[in-house]
Amino acid sequence: MGGTTTAVRPTAMRAAQGPSSGTTRTQRWLDRQFVRFAVLPTSAMMLLIFGVPLLFSFYLSFEGWSPEQALFAGNFAGTANYEDLLTDPQFLQSLRVTCIYTTITVSTELAFGLGIALLLNIDLPWIGFFRTALVVPMMITPIVAALCWKLLLDPDHGVINYWIGSHIVWLGRPDTALISVMVVNLWQNAPYVAVLLLAGLRSLPSEPVEAASIDGASRWQVFWHVILPLLRPYILVALLLRTIFEFRAFDNIYVMTSGGPANATMSLSMFTYLASFVRFDLSLGAAASWLMLLMSLLLCLFFIAAIRRREAN
Amino acid sequence: MSALSGVGSRRSKLLFAGAVYLGLIATTAVFLFPLLWVIGLSLKTRLQVFATPPLFLWRPTFENYLGVLSQADFMQAFVNSLVVSSGAVLMSLCIGVPAAYAFARFPFRGGSFLFFSLLVMRMLPPIAVLVPMYILFSKFGLTTTRFSVVLAYTTFSLPLVVWIMRGFFEDLPRELEESAWVDGASRYAAFRHVVLPLIRPGLVAASILCLQLAWNDFLFAAVLTNNATRTLPVLMAAYSGGDTGVDWGGMTASGALVILPVLIFSFVAQRHLVAGLSSGAVKG
């Protein structure tokens, strides 16, 4: 992936001194402040909607606090919220479900996405139609997508049960419920991976592939030994993005199962949502969200380190 | 001719093309079926929806769509969605575009920290920001207003705008503004009258991608709105409460109306899709 450099270029150095002739003192002062003024709104906004809330929830996660109280009127509770979480079977279950869900959805999305991208990369007549048609699922509002599947999977009137000729209550059994929410996700996001990887495939140099095929390599050998290694940076980016997004799984689960049956589809987001906005235990919710933050930060750092290492090689 | 098809004899090329088409048609059928089936449901009468065996051929009816469009609830949610999404886009553009320009052109102290924090903001799970945001907003009387949703949406649309626009600014030749500066234009005038008009395609791309994210969001809107200010995804999710009910026609017709605008946006912005998708990934 072409890195973009932030190094100061000579022209920028020259430009940074600003216009020199025909300008007043105030305008020169204003010009010197340009960067500051340009960045100020973004910084202020981030502080307002990101910095302050996160600091507040960090504080709250060490308090016993209920919504009727004033903002800072809670009682210091030490690490009690965190201890509650780590001994709560539902939370531990949600941790397990999130890990399983993320691992399986990300790997299947990558496998399907890579397959679709390879198919879409071949220049044939009408390929444009397929390229457009196959991205449709990923555009759909996730809530609507989950509702669609809920109808398809309906035990009495769903077309899927009709086809397989049985009466499976897909969303009512722990095993099939988890599979069902994962399938919806795979359906929506395999095209996402495909679009990313297709962009990668289109940007690969053609010489190595041609050289390999002139040397008599089979299609499979070309794919395995030439294309796949070249594509690895794109695969890493897709892996990073999908892991980050699956880790926060919520919409499809909320619509299809709300975390049930028997917590079989309870993701971390779903747990935090229920704790905070259904049971209104907001200090517990704050603690859960901080644990989620730390976990996703670790995931990010891990992937960024992996990508950096590849770029360095 | 692309990578894989360049290999082999004429006969094996034909076979290969056939296999590719077969694969493409099968995949497309599998991926489009759920959506097409559900759109089919929206064009059936109540009796036809529940017919066993399911009907594959019928005379389509638009009564479900007429029913949905005459519901005050739906129209209210539609307006809310429109207001909230375009509000989020406008706000992020106004705030984020100058910052993106600064990131692209003037390396400054703390710049990389700020940029990194923007990426982190995009990467962190939304529920984690939402919990404290809800408390703070409700103490300041902001919850259940559409403005609170707009503010919440900037947590994802601002990073997206900055990311995409920075790329567009970097692709713009520097000489254009520099000559304006030499001619005595201030930084502000050069930005407004020289750079912004040239960057318009980027603004369009960024707005469409943000609009799509905002339109599709459920979590923020579910927590921060009430019955009067709820957006379309929140209204749709109400259908899923417990049972799917018996009004499959109405439900699928509203679903189709919800996704229609995003599908249109996306096809308009298809060229820029990849930039938007990989936004937040390390230096895409």
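Structural remarks
- Each Lys and Arg adds +1 at its Cβ and each Asp and Glu adds -1 at its Cβ; summed about the Cα centre, chain B shows a dipole of about 500 debye.
- Number of partner chain Cβ atoms within 10 Å, mean per residue of B:52-61: 1
- Candidates A:PHE91, A:PHE223, A:PHE303: whichever shows maximal mean-square fluctuation once chain A is modelled as a Gaussian network with Cα springs under 10 Å: A:PHE223
- Whole-number percent relative contact order across chain A, with pairs defined as alpha carbons under 8 Å at least 6 apart: 25
- Table column - 3J(HN,Hα) (Hz), region A:139-147, Karplus curve with 6.51, -1.76, 1.60, x for Gly and Pro: 7, 5, 3, x, 4, 5, 4, 5, 5
- Ranked B:CYS94, A:CYS99, A:CYS148, criterion: other C-beta atoms within 10 Å, fewest first: B:CYS94, A:CYS99, A:CYS148
- Averaging the sequence gap over all C-alpha pairs within less than 8 Å and six or more residues apart, then dividing by the number of residues, gives region B:67-277 a relative contact order of 33 percent.
- Local net charge near A:GLN90, Cβ-Cβ under 14 Å (Lys/Arg +1, Asp/Glu -1): -1
- Helix B:111-123 axis versus longest C-alpha principal axis of chain B: approximately 10°, rounded to the nearest ten.
- Shielding of peptide A:159-167 by partners, expressed as the average count of other chain Cβ atoms within 10 Å per residue Cβ, is 2.
- Region B:3-64: C-alpha gyration tensor shape, a/c 1.5 cut-off, then a/b vs b/c: prolate
- Cβ-placed point charges (K, R +1; D, E -1), dipole of the protein assembly as shown about Cα centre in debye, nearest 20: 1500
- Cα centroid separation, region B:6-73 to region B:93-149: 40 Å.
- With a 10 Å cut-off around each Cβ of A:181-192, the average count of Cβ atoms from other chains is 1.
- Kirkwood radius for region A:82-312, taken over all pairs of different Cα atoms as the inverse mean of 1/r, rounds to 19.7 Å.
- The C-alpha atoms of chain B define a longest principal axis, and helix B:10-42 lies at about 70 degrees to it.
- For region B:67-277, the residue among B:ALA152, B:GLY255, B:PHE220 whose Cα projects farthest onto the positive side of the dipole built from Cβ charges is B:ALA152.
- Between the Cα long axis of helix B:146-171 and the first principal axis of chain B there is an angle of about 60°, rounded to the nearest 10.
- Judged by the gyration tensor of its Cα atoms, with axes a ≥ b ≥ c, the protein assembly as shown is oblate; a/c meets the 1.5 cut and b/c is at least as large as a/b.
- Residue order, fewest to most surrounding Cβ atoms within 10 angstrom, among B:ILE264, B:ILE135: B:ILE264, B:ILE135
- Max mean-square fluctuation residue, GNM over chain A, Cα-Cα springs under 10 Å, options A:LEU30, A:LEU171, A:LEU204: A:LEU30
- Helix-only CD estimate at 222 nm, as mean residue ellipticity for chain B, using -39500 (n - 2.57) per DSSP H run (n ≥ 4): -22500 deg cm²/dmol
- Nearest-20 debye value, region A:167-305 charge dipole, Cβ charges on Lys, Arg, Asp, Glu: 180
- Reported to the nearest whole Å, the Cα centre-to-centre distance from region A:116-160 to region A:187-233 is 23.
Where a number appears in this text, it was derived from the coordinates with a stated rule and is not lab data. A quick note: this is a predicted structure, and the numbers were derived from the prediction, not measured. Because the Cβ atoms are built from the backbone with ideal geometry, glycine has one as well, and the counts that use them run over all protein chains shown.
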